[in-house]
Amino acid sequence: MPELPEVEVTRQSFASRILGAHVLSLRMGKPLRWPLGCDPGRLEGATVGPVLRRGKYLWVPLSLAGIAAENPPEGLLVHLGMSGALTFAKSLGPSGPHDHFELDTTAGLLRLTDPRRFGAVVWGASMASGLPARLLASLGLEPFDEAMTGAYLHQRLKGRKVSIKQALLAGDIVVGAGNIYACEALFMAGIDPRLAAGLVSRPRCDRLVLAVQEVLRQALAMGGSSLRDFKDAYGSQGHFQLSTRVYGREGEPCRTCATPVRRLVQGQRSTFFCPVCQKK
DNA sequence: AAGTGGACCTGCTAGC
DNA sequence: TGCTAGCAGGTCCACT
């Protein structure tokens, strides 16, 4: 589920409320992608720092010695996987079979509900050490980083034979665009998703960077996409799924030229595109 | 190094 | 109505 807009919407919906709060307890349910990596008890009493997002990961700093005293703070790296949602809950203990993590604080109880359990909550002595560091190390640029330019994209795509769609999804060049937004950005940029990444011209790289940024901006403004599970910390759903140009619209008319949208499979994932508006 | 395919896990829907 | 196959927002890892 959650791509960059959903993760960012989630972050914004809970970060300010729990900033400066103290951890009362931490509970893990069924195993997620990786073990927590520490005794849950060690985080009791910790102070919550400013929550950061990197790609589709959230970093929740937890300082045992007060926010400013420790540098850098330890914390939890959280990933929502395919079906995760972080929401504020009313009372301790799972309310359903898919509630697998709870962080109870003096400012509210945060709960991760994740039916497929592809999500993760991993402790790190810092964001730059241990498993968190390893997971973050291979990530590409943030899409709104000023270094994210057509020149950078063109340079990084050079010589790569995979399709441009798969190169976008891989996340080692630019993070944040998952299956929905990669399809949408390629449509906006008028690029055929099957085109070899290394053959995308420099001008088209310029357009693609702008398209990725634009689609993410639009999704963010609509609270993300809620195909099924996604909600922000207060349970609100996103609306971007109602305005996709191609994603999930196989057989329906292209919003630009009315040609039926096509679906194909690339790297075991569905790709949606307009065979007329998107060219090789 | 780059590309491919399998793995993780559960739930929902379309089709027979 | 009930079963089964196929599909779903992610990404790591082993292998060629």
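Computed from the coordinates by the stated procedures, all read-outs in this text should not be read as laboratory data. None of the values given here were measured: they were computed from a predicted structure. Positions of Cβ are backbone-derived with ideal geometry, glycine not excepted, and every protein chain shown enters the neighbour counts.
Brief remarks follow.
- Annotation: amide H-H contacts under 5 Å for A:S163 (H modelled 1.01 Å from N, sequence separation of 5 or more, or interchain): A:A197.
- Anisotropy class of chain A from Cα gyration tensor, a/c 1.5 cut: prolate
- Taking 0.36 nm per residue of separation and subtracting the Cα-Cα distance, full extension of the segment from A:A133 to A:S16 would add 39.7 nm.
- Shape call, region A:117-251: gyration tensor on alpha carbons, a/c limit 1.5: oblate
- Full-stretch length increase - A:Y234, A:V265 - with 0.36 nm per residue and alpha-carbon distance subtracted: 7.7 nm
- Between A:A15, A:A197, A:G84, the Cα set farthest toward the positive side of the dipole of chain A (charges on each charged residue's Cβ, about the Cα centre) is that of A:A197.
- Listed by Cβ neighbour count within 10 Å, with the fewest neighbours leading, A:E102, A:E3, A:E74 appear as A:E102, A:E74, A:E3.
- Here the contact order of region A:84-219, divided by its residue count and restricted to Cα pairs under 8 Å and six or more residues apart, works out to 20 percent.
- For A:K280, the aspartates and glutamates whose Cα falls under 19 Å of its own Cα, not counting residues fewer than eight places away in the same chain, are A:E184, A:D192, A:D206.
- Converting phi to 3J(HN,Hα) with the Karplus coefficients 6.51, -1.76 and 1.60 and the offset θ = phi - 60°, region A:50-55 yields x, 6, 10, 10, 10, x Hz in sequence order, with x at every glycine or proline.
- Ordering A:196-202, A:142-148, A:56-62 by mean Cβ neighbour count within 10 Å, with the highest value first, yields A:56-62, A:196-202, A:142-148.
- Between the alpha-carbon centres of region A:171-237 and region A:62-121 there is a gap of 27 Å.
- For region A:229-235, backbone phi angles converted through the Karplus equation (6.51, -1.76, 1.60; θ = phi - 60°) give residue-by-residue couplings of 8, 5, 9, 7, 5, 9, x Hz, Gly and Pro being listed as x.
- When the Cα gyration tensor is reduced to axis lengths a ≥ b ≥ c, the ratio a/c stays below 1.5 for region A:4-136, which is therefore classed as rounded.
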